[in-house]
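Below is one structure, written out as structure tokens; comments come after it.
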Amino acid sequence: MRRFWRSLVLFISVFGLLFVVIAPFYWIFSSSVKRNQEIIARIPTFFPKSFTIQHYQNLLASSDFPKYLMNSTIVALLTMIFTVVITVMAAYAIYRLKFPGHKFLQRVILVTYAFPTILLLIPIYMMLSATTPKLIDTPWALVIVNVTFAAPFAVWMLQAFFKSIPLELEEAAALDGAGRIQTMIKVFLPLAAPGIASIAIYAFIFSWTEYMYASVLIISDKYRTLPVGLAGIIGQYQVDWGLLLAGATITTLPVLILFSIVGRSFVQGLTAGAVK
């Protein structure tokens, strides 16, 4: 009897958690295919009574959403590429090479997360505006900021993978004449593939959802990203809920597709080193 109640409590807990996680996504998608009258109805409907794709047609044909989607894709992909390249080399240097201060770097690698990122908004804005050519109001400003904030956590995440690789493999590669770069590319990268996939997903999602710096560093409408562009759909006196929900649905699709492809590697990367 006690086992039955435990199973029942576990089932209710899991069902409740899944409901909390999945319900918002379902509500956004189902509402995006409803007509405006049904969306704003006083009594909400769980299943759409009126099906329409007019909101998606208006979003893609009568708004700047495709431009925002392209800008976010470019910034997110560049952020992911630069984060992976930089953090792999940095993690290899910090956790595998012996040099003065490497222990200190290991301890302070996450100090950047001890302070709210908004405190760095004004200094970063002044630094980027002082460059020649000025990086303000360019996609490169967002790439630089996103890589700056994503890299420390990504380096820390890779430590479990790099520390778990036996030193004998590195010594064997050195005996075969491989240098540091060759050893990192041919030995460490294949063995640390789940960790690299994890930091790639993390960097992509971090850039895809970043709003604060994108709203300040990008001035013109030409380079706006999705979070800022969707916020612009919300008017001062009126909100086109169908357009907004259709945009939110399309915005979440790349993240869901990415997780469906390499989600297992992401989970493995987060839990690596937890059990020895």
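Readers should treat all values here as calculations from the given coordinates under stated rules, not as data from a laboratory. This is a predicted model, so every value here is computed, not measured. All Cβ positions, even for glycine, are placed from backbone atoms using ideal geometry, and neighbour counts span all protein chains on display.
Table for the structure above
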{"read-out": "Order of W27, W156 under a 10 Å beta carbon neighbour criterion, fewest first", "value": "W27, W156"}
{"read-out": "For segment 86-245: rounded, prolate or oblate by the Cα gyration tensor [a/c cutoff 1.5]", "value": "prolate"}
{"read-out": "Whole-angstrom gap from segment 91-117 to segment 1-15, using each part's C-alpha centre", "value": "44"}
{"read-out": "Residue of V143, V228, V108 that the Gaussian network model of the chain assigns the largest fluctuation, springs spanning Cα pairs under 10 Å", "value": "V108"}
{"read-out": "K98-I43 FRET efficiency (beta carbon distance; Förster radius 45 Å; 0.05 resolution)", "value": "0.10"}
{"read-out": "Rounded if a/c under 1.5, otherwise prolate or oblate - segment 160-248, Cα gyration tensor axes", "value": "prolate"}
{"read-out": "Lysines whose Cα lies under 21 Å from that of K186, excluding same-chain neighbours fewer than 8 positions away", "value": "K98, K163"}
{"read-out": "Integer Hz, Karplus 6.51/-1.76/1.60 couplings in order for segment 148-162, x for Gly and Pro", "value": "4, 8, 7, 5, x, 5, 5, 4, 5, 5, 7, 4, 4, 6, 5"}
{"read-out": "Calculated diffusion of segment 125-182, Stokes-Einstein form, Kirkwood radius summed over Cα pairs, 4 °C and 1.567 mPa s, µm²/s", "value": "88"}
{"read-out": "Among G195, G232, G101: highest mean-square fluctuation, GNM of the chain, C-alpha pairs under 10 Å", "value": "G101"}
{"read-out": "Listed residue (I185, A203, F104) projecting farthest to the positive dipole end of the chain, Cβ model", "value": "F104"}
{"read-out": "Calculated P(r) of the chain - Cα pairs past 26 Å, %", "value": "57"}
{"read-out": "Relative contact order computed over segment 1-119 (Cα-Cα under 8 Å; 6+ residues apart), in percent", "value": "12"}
{"read-out": "The chain: relative contact order as a whole-number percent, Cα under 8 Å and 6+ apart", "value": "29"}
